[in-house]
Amino acid sequence: MTFKIALVGCGGMGRRHAHGYIELRKYFDTVEMTAVCDVHRDVASKVADEIGIATGSKPDIYIDFDQMLNSATLDGVAIVTSTPMHHTLAIRAMEKGLHVITEKPMALTLKACRKMRDASERMGKVLAVAENYRRDPMNRLTRMLIQSGAIGTPYFALDIGVGSSNGSVMHSTVWRAKKEQAGGAPLDAGVHNADMLIYLLGGVDTVFAEIAINENQRTLRPMDEVAPGLADMYNHRREDGHQIGDVVEQTAVDTAFAVIRFNSGAIGQLIMTDTSHGQSLGVSTISGSKGTLYRPRSRSGDSPRIVTADGTEITDDALLELVPDFELEDTLSILWNGARRISSYEMDFRDIDSKILAYEYLDMVAAAATGGEPEVGPKEGMDALALAYAMMESGVSGSPVHVQDVVEGRNSLFQDEIDAEMSI
Ligand SMILES: NC(=O)c1ccc[n+]([C@@H]2O[C@H](COP(=O)([O-])OP(=O)(O)OC[C@H]3O[C@@H](n4cnc5c(N)ncnc54)[C@H](O)[C@@H]3O)[C@@H](O)[C@H]2O)c1
C-alpha cells in the first residue's frame, strides 16, 4: 500500500523535504506526496512543480490546512511550517486520523509538546520528529564507537559552536529572531546539538547556564549573504511585512553557555552563539578513560577520529575494526547506495540532506504500518527540546535546572510568556 502524505509549509526547509521525497522515490514507491500546502500559493506552487517535474506526478496545491484535511485523501502530513504552528497543525491532523512527522523543534514549548504527545496517544497515531543529524551514517558510527567502549568510560563532552552572523537575522527568517516563535541559535539550532548529545551519551540530569541577547537589533539580509549554501532553497519563500535591509528587534536569546550533568555522571559543556565576531570556533569532542573522540561535522561525510592516551590516532576504516557489529539499517543502506559498513563518504550536501529526509519519512511510515515507534518520537523530541530550554530556564532563574522538570512542566518560567502569547 502507498502511504499518501501532504507537505505542509513549503518554505526553505519545506523545499528540502520535497527534495527528500524526490530522492525517496528513486528507491521506494511506498510513499506518495499527493498534496502540498502553504499559506502562500506561489510558494506551494514552486514546490509542487519541482515534485511534478522530478517524479511525473504533481501534488495538489492547498493554501488552507483545514480545507486540505477535509478534501484530500491522506494517511499523514509532514509539518514543516515555522515552529509556532507545529502543535496546532499536528493535533488537528491526528484528530482527523492522520499520522504526523513534524520538523524540529517538535513544538514551540514543552507545554505544546505535551499536548501533541497526548493527542498522539489518544488517537493512536504516529508522531515523529524530523530530527536529522543523528541519522547521518557517521553519527550512527560515532554512537556505536562510544557504546563499544572505544574511548572507555565517557568523562566529558565539549560542544562549542561559536560563530558570527554579522548582526543578521538568522537564515533571513524573521520568526527566528523572536523569543515567542522559538527563535535564536541556542534553541532553533541548539535542539540539534541537544538531541545529538543525548543520542551519544544518554539522558541529561541537570543544566546550569548563562544566557544573553547580545545583539537585539538585527538586519534582514538576503540568504546568499547569510547562508550561501542554502540560499537557493530559500529564494522562493516570502517574508510578509518585511523587506531586505529592515532592522528587526531580536527578542530571542542569541547566546548560551551551559554546563551539563548527564545521568551517567559524565559532564558536558554546550556553548552556542552567533555573536562571536572575529572568532569562529567549532569543537565537538567526547573524552573518556581511554581517549578522545573527535566528532565529524554532521552531514559532512567526514570520518570520526579517536586519539588514545598514548597519542595513537585511529580514523577511517581502522575504526571499523573497533565495531565489528556496526552496520547501517536496511533502508539507510539502500539510500546510501548499498553501503553497509562505512567510515566516511563523499557526497554533495544536497544529496546527504535529501537522503536523510527520505530516511525520516520511511521510518515514520514503517512505524505507522507496524504500529511501532518512530526512531525520534515524542519522548526523544521532548528530551532534546527540554535540554535546549533547560539552558533558557537556568539562565532566567540563575539556578541549576533538572531537565525532567522542564519535560514535565514543573520548571517553565522562560516558556510561560510564550505559552501565554500562544494562549495554551
Ligand atoms: N532539520 C533541519 O535541519 C531544519 C533546518 C531548517 C529549518 N528547520 C525547521 O523547519 C521549520 C520551517 O523552517 P523554514 O526555515 O523552512 O521556515 P520558513 O519560514 O522558510 O518556512 C515556513 C513556511 O511555512 C508556511 N506556513 C506558515 N504557517 C502556515 C500554515 N498555517 N499553513 C501552511 N503553511 C504555513 C510559511 O508560509 C512558510 O513558507 C522550522 O520548524 C525549522 O525549525 C529544520
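None of the figures in this text is laboratory data; all of them are computed from the coordinates on show. A quick note: this is a predicted structure, and the numbers were derived from the prediction, not measured. Backbone-built Cβ (ideal geometry, glycine too); neighbour counts: all protein chains shown.
Taking the stated definitions as given, is Ser120 of a type in the set (Ser, Thr, Tyr) and more than 8 Å from the ligand (Cβ to nearest atom)?
So Ser120 passes the test.
For the range 32-42, which positions are closer than 14 Å to His17 by Cα and either near the ligand (Cβ under 10 Å from one of its atoms) or without any contact (Cβ under 8 Å) to a residue 24 or more places away in the chain (or both)?
Hits for the range 32-42 are Val36, Cys37, Asp38.
Residues in the range 1-43 that are assigned to a helix (DSSP H, G or I), touching a strand residue (DSSP E or B) at 6+ places or on another chain (Cβ under 7 Å) and small (Gly, Ala, Ser): how many?
Residues meeting the conditions: 2.
With of a type in the set (S, T, N, Q), in contact with a Pro (Cβ under 7 Å, 6 or more places away or on another chain) and buried (at least 20 other Cβ atoms within 10 Å of the Cβ) as the only criterion, which of Ser354, Ser394 stands out?
Ser394
Can you pull out the residues in the range 232-250 that are under 17 Å from Asn166 (Cα atoms) and either among the β-branched types (Val, Ile, Thr) or buried (at least 17 other Cβ atoms within 10 Å of the Cβ) (or both)?
Those that are under 17 Å from Asn166 (Cα atoms) and either among the β-branched types (Val, Ile, Thr) or buried (at least 17 other Cβ atoms within 10 Å of the Cβ) (or both): Ile244, Val247, Val248, Gln250.
What is the number of the single condition among (1) more than 14 Å from the ligand (Cβ to nearest atom); (2) surrounded by fewer than 22 Cβ atoms within 10 Å (Cβ to Cβ) that Ala227 does not meet?
Looking at each condition in turn, Ala227 falls short on (1).
Has the range 113-131 got at least one residue that is touching a residue at least 12 places away in the same chain (Cβ under 8 Å), at positive phi and either in contact with a Ser or Thr (Cβ under 9 Å, 6 or more places away or on another chain) or surrounded by fewer than 24 Cβ atoms within 10 Å (Cβ to Cβ) (or both)?
No, that holds for no residue.
Does the range 74-91 contain at least one residue that is in a helix (DSSP H, G or I) and more than 14 Å from the ligand (Cβ to nearest atom)?
Among the residues of the range 74-91, not one is in a helix (DSSP H, G or I) and more than 14 Å from the ligand (Cβ to nearest atom), which makes the answer no.
Give all pairs with beta carbons closer than 8 Å in which a residue from the range 9-21 that is at positive phi meets a residue that is more than 6 Å from the ligand (Cβ to nearest atom); count only pairs at least 6 apart in sequence or on separate chains.
Gly9/Ile79
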